[in-house]
Amino acid sequence: MSETKPTYEMLEEKIKLLESSAALMGSLQEQVKLNSSFLEMLFDTIPNPIFYKDKDSVYQNCNDAFSKTILGIPKDDIIGKSLYEFPELIPRELADIYCEKDQELFNSPGMQCYESRVRCSDGVVRYYNFYKASFLSETNEVLGIVGVMLDISDYKKTLKELDEKNFVLSELSITDALTRVHNRRYFEEIFEKKLNLLNRHQQPFALMIIDIDFFKDYNDAFGHHLGDIALQQIAKTVVASFSRPNDYVFRLGGEEFGVIFHFNEIDKVAELVHDLIKNVEELKIESGLATVSPYVTISAGLGVIKSIKDEDLTGEHIYTKVDRLLYHSKEKGRNQLTCKVLFDETDSV
């Protein structure tokens, strides 16, 4: 049985359908091309560096921000290459970091965020936050990695400046404005900490209180301006004698200073303080009306605290004991040290 030949009208209808389909395909292709151009423009307009790597860590795409800001070379010279093919642009130690992070995403698909240094195309090392995600197929096979970089260098710089300012403010809050040693407020804080360490971990320490002899007479004779200068000179001398990391020098008020420090041998501690007393006198600051020397001198009381039997014993009680040692030095004629081991069986040297 022979097939019926299509009529002219049928052929004409088929032609119209084909033309309509062709027009539709052309329109779709144009739309896809338009959308592709739009996405590419959007991709390159975004100021943050963006890249896409395949599962072999080979770059398959990137935007202008990545090619220009990060590597400083055209996209065509980037696509199809891995991190290690830019040794003059990406230092080996940084490439190793990026590669290790990529491998983590390949092994455990998902999202990733981390901070790293980046040497940019202008030679400046900046800090970036990396936001990366695994790109998966419909069957959840890892096809590659998409990454976006956010420059946080200014943020890091601001944080550093803020930390520095906070440190300065912190130092100012615990520093005596005139002598630049620690102030009374910080003394109370450190003293409390040392007592806690003594109670909990049996860490002995020494507390010394120093008083400038006849300092009121010195101010009356020479004025407060020279008195302030004398305080500064003496404070520097005390700091020079007690400058180890765990030594603390304080201005407790007026002409009175305090020192908290650790020790190995008590005899050497006393020797150190005797040297300090001598060094202050050798500053040759002319003394006032009441005097034990032609020059300004200091008296000191030193309490060595090895242990405290009474757990309720307060810092005030210890301070009072050391203060009595200071006044004992004054009663004996000033310009000297009185030293005792506190709270042992004899409470004596």
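The values are calculated or read from the model by the stated rules, or taken from the named source; none is laboratory data. Just so you know, these numbers come straight off a predicted model, no measurement behind them. Methodologically, a virtual Cβ is constructed for each residue, glycine included, from the backbone with ideal geometry; neighbour enumeration extends over all protein chains shown.
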**Item:** Filtered residues of the range 255-282 (kept if among the acidic types (D, E), in contact with an Asp or Glu (Cβ under 8 Å, 6 or more places away or on another chain) and surrounded by fewer than 21 Cβ atoms within 10 Å (Cβ to Cβ))
**Value:** E256
**Request:** Would you check if V146 is of a type in the set (A, V, I, L, M) and surrounded by 18 or more Cβ atoms within 10 Å (Cβ to Cβ)?
**Result:** no
**Asked** With respect to the numbered conditions (1) touching a residue at least 12 places away in the same chain (Cβ under 8 Å); (2) more than 19 Å from R324 (Cα to Cα), which one is the sole condition not fulfilled by F191?
**Response** (2)
**Prompt:** When the residues of the range 194-252 are filtered to those that are part of a helix (DSSP H, G or I) and touching a strand residue (DSSP E or B) at 6+ places or on another chain (Cβ under 6 Å), which remaining residue is surrounded by the fewest Cβ atoms within 10 Å (Cβ to Cβ)?
**Reply:** V239
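If I ask for residues that are among the β-branched types (V, I, T), part of a loop (DSSP other than H, G, I, E, B) and at pLDDT 85 or above, which ones from the range 271-320 would you list?
I285, V296, T297
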**Message:** Conditions first: (1) among the acidic types (D, E); (2) modelled with pLDDT of 70 or more; (3) farther than 22 Å from Y131 by Cα; (4) outside the structural domain of L143 (by TED's automatic domain parsing). E40 passes all but one, so which condition is the exception?
**Reply:** (3)
**Asked** Of all residues in the range 331-349 being of a type outside the set (D, E), part of a loop (DSSP other than H, G, I, E, B) and modelled with pLDDT under 90, which is surrounded by the most Cβ atoms within 10 Å (Cβ to Cβ)?
**Response** F343
**Request:** Say whether the condition of being farther than 23 Å from Q203 by Cα and of a type outside the set (A, V, I, L, M) is met by at least one residue in the range 296-317.
**Result:** yes
**Item:** Filtered residues of the range 122-143 (kept if surrounded by 11 or more Cβ atoms within 10 Å (Cβ to Cβ) and within 25 Å of I73 (Cα to Cα))
**Value:** V125, R126, Y127, Y128, N129, F130, Y131, K132, A133
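Do the conditions hold for A133, that is, is it among the small types (G, A, S), assigned to a strand (DSSP E or B) and in the same structural domain as I285 (by TED's automatic domain parsing)?
No: the conditions fail for A133.
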**Item:** Boolean, I70 is within 17 Å of Y131 (Cβ to Cβ), aliphatic (A, V, I, L, M) and modelled with pLDDT of 90 or more
**Value:** yes
**Prompt:** Since K68 meets every condition but one in (1) among the basic types (K, R); (2) assigned to a strand (DSSP E or B); (3) closer than 24 Å to E40 by Cβ, which condition does it not meet?
**Reply:** (2)
**Fill in**
Exactly one of E100, E104, E40 is touching a strand residue (DSSP E or B) at 6+ places or on another chain (Cβ under 9 Å), assigned to a helix (DSSP H, G or I) and over 22 Å from K156 (Cα atoms), and that residue is E104
**Prompt:** Could you list, in sequence order, the residues of the range 196-212 that are out of contact with any Gly (no Cβ under 6 Å at 6 or more places or on another chain) and at pLDDT 95 or above?
**Reply:** M208, I210, D211, I212
